[in-house]
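The values are calculated or read from the model by the stated rules, or taken from the named source; none is laboratory data. All of these numbers come straight from a predicted model, not from anything done at the bench. We place every Cβ from the backbone using ideal geometry, glycine too, and count neighbours over all the protein chains shown.
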Amino acid sequence: MFAIGFDPVRYGLVASLNRPRENLTGVTFFSAALGTKRVELLRELVPKAKTIALLVNPDNPHDAADTANVAAAVHAMGLRPRYLDVRNDREIESALAALARERSDILYVWPDPLFTNERSRLALLTAQNALPAIYADREIAEAGGLMSYGASRTDAYHQAGIYTGRILRGDKPTELPVVLPTKFEFVINLKTAKALGLQVPDRLLALADELIE
């Protein structure tokens, strides 16, 4: 039984989502389409943006799974991308310092445990550099990040609990399809938006699941 943030088929945990064919099933809160949506939301907030920095951990193989979708979205919007590799907490500050020297208009932060663990420092540094950014995890928006959009982990863990109960009552994991994310959370930190001098459009305010003031 698993609850993970990457594609279980791509990495060999199960043979297929509908029929795992292994003594293993579970829940994933990964969706490759979310990267495209994040870029769209950030561009809607900063419509005049021409350059986008993308913060990625090259040592995380799961990051590569939605790279193509994000790159396609960036290209379709006519944005000039700049990829910044960050492998550990020490490289976060140097990467953002580089952004301050070679100014990008907006920042996309890839979903990665490193960035979630360093969320307070990441939120502080992006604010200090007046850089509008979007993240995958709501915890970063709660720590002061501007916006986040991603699958609800709370809902995923709830679904994992339901599956655990079913397995304990005798259901076979091979007969339980992997649960895909169905609930998504869009969080805007209005306090951070105000500090950055950004006026959040009414449409984004209406779309948000939570507004942090």
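For the structure I just gave you, tell me whether Ala98 is more than 12 Å from the chain's Cα centre (by Cα), among the small types (Gly, Ala, Ser) and on the phi < 0 side of the Ramachandran plot. Quick ask: steps written out before the conclusion?
Values: more than 12 Å from the chain's Cα centre (by Cα): yes; among the small types (Gly, Ala, Ser): yes; on the phi < 0 side of the Ramachandran plot: yes.
It is true that Ala98 is more than 12 Å from the chain's Cα centre (by Cα), among the small types (Gly, Ala, Ser) and on the phi < 0 side of the Ramachandran plot.
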**Report entry** Filtered residue count, segment 21-56, keeping only those that are modelled with pLDDT under 90 and either of a type in the set (A, V, I, L, M) or more than 27 Å from Leu198 (Cβ to Cβ) (or both)
**Finding:** 7
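Which residues, taken from segment 157-213, are closer than 16 Å to Leu41 by Cβ, in contact with a Phe, Trp or Tyr (Cβ under 9 Å, 6 or more places away or on another chain) and of a type in the set (D, E, K, R)? Steps first, please.
Looking only at segment 157-213, we keep the residues that are closer than 16 Å to Leu41 by Cβ, and these are 184-190, 192-193, 196, 198-212.
Applying the additional criterion that residues be in contact with a Phe, Trp or Tyr (Cβ under 9 Å, 6 or more places away or on another chain) yields 184-187, 204, 207-210.
Listed by number, the residues that qualify are Glu185, Asp209, Glu210.
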Query raised in the report: What is the one condition in (1) closer than 23 Å to Leu211 by Cα; (2) of a type in the set (Lys, Arg); (3) without any contact (Cβ under 8 Å) to a residue 24 or more places away in the chain that Arg101 does not satisfy?
Result: (1)
Report summary line: When segment 56-96 is checked residue by residue, the ones that are of a type in the set (A, V, I, L, M, F, W, C) and within 11 Å of Ile106 (Cα to Cα) are Leu79
Requested in this report: Kindly provide the set of residues from segment 135-155 that are more than 15 Å from Trp110 (Cβ to Cβ), without any contact (Cβ under 8 Å) to a residue 60 or more places away in the chain and hydroxyl-bearing (Ser, Thr, Tyr), ordered by number.
Outcome: Thr154
Report summary line: When Asn18 is run through (1) modelled with pLDDT of 95 or more; (2) assigned to a loop (DSSP other than H, G, I, E, B), the failure sits at (1)
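When you scan segment 113-213 for strands (runs of 3 or more DSSP E) that lie fully inside it, which ones turn up with 2 or more residues that are surrounded by fewer than 18 Cβ atoms within 10 Å (Cβ to Cβ)? Can you show your working first?
Numbers: elements: 133-135, 147-151, 184-189, 210-212.
Of the strands (runs of 3 or more DSSP E) lying wholly inside segment 113-213, those with at least 2 residues that are surrounded by fewer than 18 Cβ atoms within 10 Å (Cβ to Cβ) span 210-212.
Could you say which residue among Ala123, Ala95, Ala160, Ala130 is among the hydrophobic types (A, V, I, L, M, F, W, C) and either under 30 Å from Asn18 (Cα atoms) or free of Cβ contacts under 8 Å to residues at least 24 places away in the same chain (or both)?
Numbers: Ala123 fails: either under 30 Å from Asn18 (Cα atoms) or free of Cβ contacts under 8 Å to residues at least 24 places away in the same chain (or both); Ala95 fails: either under 30 Å from Asn18 (Cα atoms) or free of Cβ contacts under 8 Å to residues at least 24 places away in the same chain (or both); Ala130 fails: either under 30 Å from Asn18 (Cα atoms) or free of Cβ contacts under 8 Å to residues at least 24 places away in the same chain (or both).
When all the criteria are applied, what remains is Ala160.
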Query raised in the report: Could you give every pair whose Cβ atoms fall below 8 Å, whose first residue belongs to segment 16-44 and is surrounded by 14 or more Cβ atoms within 10 Å (Cβ to Cβ), and whose second residue is among the acidic types (Asp, Glu) and part of a loop (DSSP other than H, G, I, E, B), counting only separations of at least 6 or pairs across chains?
Result: Thr28/Asp7; Phe30/Asp7; Ala32/Asp7
Query - Close pairs from segment 71-86: first touching a residue at least 40 places away in the same chain (Cβ under 8 Å), partner loosely packed, with under 15 Cβ neighbours inside 10 Å, Cβ under 6 Å, at least 6 apart - result: none
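Conditions tested, residue by residue: (1) assigned by TED's automatic domain parsing to the domain that holds Lys194; (2) out of contact with any His (no Cβ under 9 Å at 6 or more places or on another chain); (3) of a type outside the set (A, V, I, L, M, F, W, C).
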| position | (1), (2), (3) |
| --- | --- |
| Phe6 | no, no, no |
| Val39 | yes, yes, no |
| Asp59 | yes, yes, yes |
| Asn69 | yes, yes, yes |
| Val86 | yes, yes, no |
